[in-house]
1. Could you tell me which numbered condition residue A:151 fails, if it satisfies all but one of (1) within 14 Å of chain B (Cβ to nearest Cβ); (2) buried (at least 21 other Cβ atoms within 10 Å of the Cβ); (3) among the basic types (Lys, Arg)?
2. Mind checking which residues of the stretch A:13-39 are away from chain B (no Cβ under 14 Å) and open to solvent by 80 Å² or more (accessible area, probe 1.4 Å)?
3. Condition check: more than 23 Å from residue A:219 (Cβ to Cβ), within 13 Å of another protein chain (Cβ to nearest Cβ) and under 15 Å from the mean Cα position of the chain (by Cα). Does residue A:81 satisfy that?
4. Do any residues in the stretch A:127-152 that are more than 21 Å from residue A:87 (Cα to Cα) have Cβ atoms under 8 Å from those of residues that are hydroxyl-bearing (Ser, Thr, Tyr) and surrounded by fewer than 21 Cβ atoms within 10 Å (Cβ to Cβ), where the two are at least six apart or on different chains, and which pairs are they?
5. Give me the residue from the stretch A:190-211 that is assigned to a loop (DSSP other than H, G, I, E, B) and farther than 15 Å from residue A:139 by Cα and, out of that set, farthest from the other protein chains (Cβ to nearest Cβ).
6. Of the residues that sit in the stretch A:200-231 and are open to solvent by 40 Å² or more (accessible area, probe 1.4 Å) and touching a residue at least 60 places away in the same chain (Cβ under 8 Å), which one is farthest from residue A:90 (Cα to Cα)?
7. Given the structure, is residue A:142 over 20 Å from residue A:241 (Cβ atoms), out of contact with any Cys (no Cβ under 8 Å at 6 or more places or on another chain), open to solvent by 10 Å² or more (accessible area, probe 1.4 Å) and within 13 Å of chain B (Cβ to nearest Cβ)?
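The values are calculated or read from the model by the stated rules, or taken from the named source; none is laboratory data. Keep in mind that what you see is a predicted model, and the values were worked out from it rather than measured. Glycine gets a Cβ as well: all are built from the backbone with ideal geometry, and neighbour counts include every protein chain shown. The accessibility values were calculated without ligands, DNA or RNA, using every heavy atom of the protein model including side chains. Shrake-Rupley method; radii C 1.70, N 1.55, O 1.52, S 1.80 Å.
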Amino acid sequence: MVVPASCTSVVVGTSPKTSIGMPVVHVPFASAASVASGIRESLLINNKGDIHVIAWAGDGGTADIGMASLSGAAERNSDIIYIMYDNEAYMNTGIQRSSSTPVGAWTTTTPIKGKLEQKKDVAKIMIAHGVPYVATASIAYPHDFYNKLSRALKIRGFRFIQLHSPCPVGWRFDDSQTVDVAKAAVETGMWILYEYKDGKLEISNPSKYLIEHNSFKPIEEYLKIQGRFSKISEDLLKELYKERERNIEWLKKAV
Amino acid sequence: MMESKVKIVRINEKLPISFPQNGAAGKTGSWRLYRPIVDNNKCTKCFLCELYCPGNVIETRKDGIQIELDYCKGCGICAKVCPQKAIEMVPETVEVKIA
């Protein structure tokens, strides 16, 4: 497992007392994907091809700083699994905005109006690379994530999973509501679960019904349980609705 | 009635599951502010608390729910996802002896 600077590198800890029972390489922000593909190549040369290499990075380490090496690894089709856990800001260093932060969200670097720019859709960028497997998952649907991960294990080549994971501290809600917030994101269409395999895009079960019947809940239900959207203006809310519609239309065309 | 297009896919492969152990921070249960108390009479053993527990400290046994309090940090997710409301979060108290 390869971990760039993120909250996970704090959880895993340093060498003699790591809390994880597998070999972990801590790397700088920008190099997660290249180090992972290097480890994979050396395993293949040493006839240890049955060991999987996983890069586990946050949204800052993927969408902003690690984008170049991620794109390079995807283009080389390196045989690794890249999991981006997306908590939509640099939570570990003190809630600064990242390119994955949604419109209107409060962060310490966008304190007055909230973020004005759109969220960068990394899963779409990876689909554009034409890699064998791309999926989006949410912590509110662990079975769905489990299935996607075990499907990814059977595929060779570059595999990318974007995992939506709320952060109680940065999103300003109580710890116990984590699952509710993640579920609300899927039910309001702010986060849509799909997977891209063999050149085909398929919407996963939790989002499938919502898209077919167009029965998404109003976005306000997702926003009101979080403190970071408490000062969102009307214009930015309209921007969020537009973004959701664009996403749904793109998915409907792509399926 | 419309026929459902939802497919149920069964996968038999197993992925590793992590369990808490003594890391650099020692026993992390001392961070807890609220202690989960389970009412085993209300529990229907639906496994939801075990599934959603971020620390994976909950085990569903035949005789009821077992929570490993050495590593439980008291986030309260189990109490929130429980459909039967069988888990209650009680504030931790420490006995202080005044001489």
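1. (2)
2. Filtering the stretch A:13-39 down to residues away from chain B (no Cβ under 14 Å) leaves A:25, A:27-39.
The answer is A:28, and nothing else.
3. Numbers: more than 23 Å from residue A:219 (Cβ to Cβ): yes; within 13 Å of another protein chain (Cβ to nearest Cβ): yes; under 15 Å from the mean Cα position of the chain (by Cα): yes.
Considered against the rule, which asks whether it is more than 23 Å from residue A:219 (Cβ to Cβ), within 13 Å of another protein chain (Cβ to nearest Cβ) and under 15 Å from the mean Cα position of the chain (by Cα), residue A:81 comes out as yes.
4. Between residues of the stretch A:127-152 that are more than 21 Å from residue A:87 (Cα to Cα) and residues that are hydroxyl-bearing (Ser, Thr, Tyr) and surrounded by fewer than 21 Cβ atoms within 10 Å (Cβ to Cβ), the close pairs are A:129/A:71.
5. Taking the candidates together, the pick is A:199.
6. A:205
7. Against the criterion (over 20 Å from residue A:241 (Cβ atoms), out of contact with any Cys (no Cβ under 8 Å at 6 or more places or on another chain), open to solvent by 10 Å² or more (accessible area, probe 1.4 Å) and within 13 Å of chain B (Cβ to nearest Cβ)), residue A:142 qualifies.
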